[in-house]
1. Does region 124-238 come out rounded, prolate or oblate, given a ≥ b ≥ c as the square roots of the eigenvalues of its C-alpha gyration tensor, rounded meaning a/c under 1.5 and, failing that, prolate meaning a/b above b/c?
2. What is the packing order of peptides 86-98, 301-313, taking the mean over residues of other C-beta atoms within 10 Å and listing the highest first?
3. Determine ³J(HN,Hα), in whole Hz, for all residues of region 133-148 in sequence, where each value follows from phi through the Karplus function 6.51 cos²θ - 1.76 cosθ + 1.60 and θ = phi - 60°; x replaces Gly and Pro.
4. What aspartates and glutamates sit close enough to Lys312 to cross-link, taking a C-alpha to C-alpha distance under 16 Å and skipping anything fewer than 8 places away on the same chain?
5. Taking K and R as +1 and D and E as -1, what net charge do the other residues with C-beta under 9 Å from the C-beta of Val75 add up to?
6. Just add up the charged neighbours of Thr307: K/R +1, D/E -1, any other residue whose Cβ is under 12 Å from the Cβ of Thr307.
7. Pairs Lys90/Lys167; Lys449/Lys493; Lys48/Lys464; Lys96/Lys493; Lys329/Lys367: which exceed 18 Å Cα-Cα?
8. At 1.4 Å probe radius, can you tell me the per residue accessible area of region 91-289 in Å²?
Amino acid sequence: MGPTRKPNVCSRLSRRALGCFSRDAGVVQRTNLGILRALVCQESTKFKNVWTTHSRSPIAYERGRIYFDNYRRCVSSVASEPRKLYEMPKCSKSEKIEDALLWECPVGDILSNSADYKSSLIALTAHNWLLRVSATTGKILEKIYLGHYCKFRYLSWDTPQEVIAVKSAQNRGSAVARQAGIQQPVLLYLAVFQVLPFSLVGILEINKKIFGNVTDATLSHGILIVMYNSGLVRLYSFQTIAEQFMQQKLDLGCACRWGGTTGTVGESPFGIPCNIKITDTPPLLFEVSSLENAFQIGGHPWHYIITPNKKKQKGVFHICALKDNSLAKNGIQEMDCCSLESDWIYFHPDASGRIIHVGPNQVKVLKLTEIENNSSQHQISEDFVILANRENNKNENVLTVTASGRVVKKSFNLLDDDPEQETFKIVDYEDELDLLSVVAVTQIDAEGKAHLDFHCNEYGTLLKSIPLVESWDVTYSHEVYFDRDLVLHIEQKPNRVFSCYVYQMVCDTGEEEETVNRSC
C-alpha cells in the first residue's frame, strides 16, 4: 500500500520518462552524497557547535527539524544557524500534541494535490484528534477525530511512510472496578490508516477474552504482535484479521449509522467506531517465548533474535531461522563483559541482513551466511569489530595504610563500563552517507567527555572523530543524531530540563580541493 496515484494522468510513455527521470535523479543524488561523505570524512573538516538551547518540555528531532513545546514550535537546522520555521498558536493542555511522525513524499509518486508533494507532520493530540500539519508552515491540512471511547496516545509506522498505527493507552478500568476484582476485557485499541490521502483501514480492539491474559500489543509491517507476562510473543496477520472480522467498512467523511447513532466518520462528536472485533481466535502465524518479550526479525533469509526466557540468561542471544526455529551455527551470542548496563543486539538497519551487537567496550558486526555444501543451514560469523580505546589492564590497585602503619596493596577488577574507561553509549547508522556513528564517553575527573566517531559501514574502519564540547553526565538520558552534515545532541537533565546542542560541518576551503577526492 502507498500514496494513491492519480489515475489517467499521463500516458505510458510519460510514465517511462518519469521513471527515467527518477533514476537519473537518483544517480545524481548518490554522486552528491558521495562527495558529501568525502567532505565529512576528510581530515580538515570540523563540526562546530553553532547553537545551544534549553527547554522545560521535551525536544524532538526529525530530518533537519527540531521541535519544541510538544511540536508547537519548529526550528530548521539546515541553515548555517537554526532558524524558526513556524510557531503554532498556544493551546490548552487537552489540545497539545502528544506524539508525531514526519511523512515525506516518495520520489516519483503522482499525487492529486500539488500541496501533497511537501512534507507533513502527522500529529496526535491529547484529545484524540489526528492532524496532518504542513512541515514548513505549521498549517493544519487535515483533521480526523478518533472518538471518545478510549485515550489514543502513541503513533508508529506500520509500513514506513505508508501506513500508520495509532495505539491507545491500556484500559485499566476504574479504581472501584479494580478493587472489586472486575477486569476490563478490552486491553487497548489500534487504529490503522493509510497515509495520503488519509484513508481508514480499521480500528481493532485487543480483547482478553480472545487473546487471553495479554499484556501488550503492537502492529509492524502488517503483523499484529501480541505479548504476554510469561514472555510469550504471538504473531498474527492483520490483513487476515481485518478481512475476517471487520463488521462494517468505514470511509472518512462519509455518513454512518452505528449502534443506533448516526454521524460522519472522523468528525466530532461521532469519531470512528471500532469496526474490527475479533470473535474467534485468528490463525496463528508464529509464537516464541523470550525474556521480557524481546523479539526481532530480520536477515536474509528471515531469522529472529530472542533471549531464552530465564533471568540468568539475560545478555545471551539466540539467532534462529524463522522457517523451522533451528538455531544458526554459532547462533548463541554472548558478550564477555561485566557491566552495570547490559549489552544489546539488533539487525543492521542497512538491509544487508547483518547483525550489530553492542557492548560497553566493543561493537561487533556479524554476518549471516550459508554453510558451505548446506544451503538450508546458516552460520553467524564476525564481519568486523570496533574496539574502545582503553588500556588492557582491568585491575585497579589501591594502597591503604593500616593502624599499625603497614601499607597494604589491594587489587580489584574494574567493570567493563566503568566511567573512567572509554565506553560505547550509542551506535547508529547514517543511511545516506553509509556510515556507522558511535558515541564513546570517558569520565575525566568529575566531568564526562564524549566524542562521536564515524566508521566505514563495510569494513569498520575509523574515518572521523568529532569531540562534543559539552560535558556528558552518564546518569542523564541522551540522544545523538548524525544527519548528513549535522550532529545534534539532546539530553534530559533532572527536573525536566532538556538541552539541545547543534553542530554544523565546517570545511577548510584551502584544503578542500586537495582532499575531497580521497577515498573514505
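1. Judged from the Cα gyration tensor, region 124-238 comes out oblate (a/c at least 1.5, b/c at or above a/b).
2. 301-313, 86-98
3. Calculated HN-Hα couplings, in order: 10, 4, 6, 9, 10, x, 6, 6, 8, 9, 9, 10, 8, 7, x, 10 Hz.
4. By straight Cα distance, Lys312 reaches Glu292, Glu334, Asp336, Glu341, Asp343.
5. The answer is +4.
6. Its environment carries a net charge of +1.
7. Lys90/Lys167; Lys96/Lys493
8. 46 Å²
The values are calculated or read from the model by the stated rules, or taken from the named source; none is laboratory data. As the structure is a prediction and not an experimental result, all values here were calculated from the model. Positions of Cβ are generated from backbone atoms using ideal geometry, with glycine treated the same way; all protein chains shown enter the neighbour counts. In case anyone asks, the SASA skips ligands and DNA or RNA and just uses the protein heavy atoms, side chains included. Shrake-Rupley method; radii C 1.70, N 1.55, O 1.52, S 1.80 Å.
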